[in-house]
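Here's the structure, in structure tokens; my notes come after.
The values are calculated or read from the model by the stated rules, or taken from the named source; none is laboratory data. A quick note: this is a predicted structure, and the numbers were derived from the prediction, not measured. All Cβ positions, glycine included, derive from the backbone under ideal geometry; neighbour counts span all protein chains shown. The protein model used for the area step is the full one, side chains on, heavy atoms only, and it has no ligands, DNA or RNA in it. Shrake-Rupley method; radii C 1.70, N 1.55, O 1.52, S 1.80 Å.
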Amino acid sequence: DDLSASARPQRSRPAHLPVHDVGTRSAIVFLTVCTDGRRPLLANPLMHDLLLRAWSAAMDWRVGRYVLMPDHLHLFCAPSTYPAESLTRWVGYWKRLT
């Protein structure tokens, strides 16, 4: 009953569902962010430092564990405000800073 490769949805990006408010419980989001054109810009000490500074300045969401790859990063994040600020706006802010 496995789906063949041709029967699977063809996406260039993973599906991103909206963050749902669950009352007083914290939401933890697993996020993947890619560089423009998948250029290998991230896996170096300078960019690591810039990202840490940008995440500190962009205080609407908190970053937990993360993995920095050459052309993308994976991270867990959680809102630090209630109600949560826009995840898209938060990512856009720190991407502009870096």
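How would H48, H72 line up by accessible area, probe 1.4 Å, largest first?
Putting H48, H72 in descending order of accessible area: H48, H72.
What is the sum of charges around L50, taking Lys and Arg as +1, Asp and Glu as -1, for the other residues whose C-beta is under 14 Å from the C-beta of L50?
+2
Can you compute 3J(HN,Hα) from phi for each residue in region 93-98, using the Karplus curve 6.51 cos²θ - 1.76 cosθ + 1.60 with θ = phi - 60°, rounded to whole Hz and x for Gly and Pro?
4, 6, 5, 5, 5, 9
Given a 1.4 Å probe and the protein chains all in place, what does the accessible area of L50 round to, in Å² to the nearest 10?
Approximately 60 Å² of L50 is accessible to the 1.4 Å probe.
Counting only protein chains, not ligands or nucleic acids, how are M69, M47 ordered by accessible area (probe 1.4 Å), most first?
Per-residue accessible area, sorted high to low, gives M69, M47.
Modelling each spin label as a point 7 Å along the Cα-to-Cβ direction, I'd like the A57/A43 distance in nm, to one decimal.
Output for this residue pair reads 2.6 nm.
Out of the total accessible area of region 21-98 (probe 1.4 Å, heavy atoms of protein only), what percent is carbon and sulfur?
58 percent
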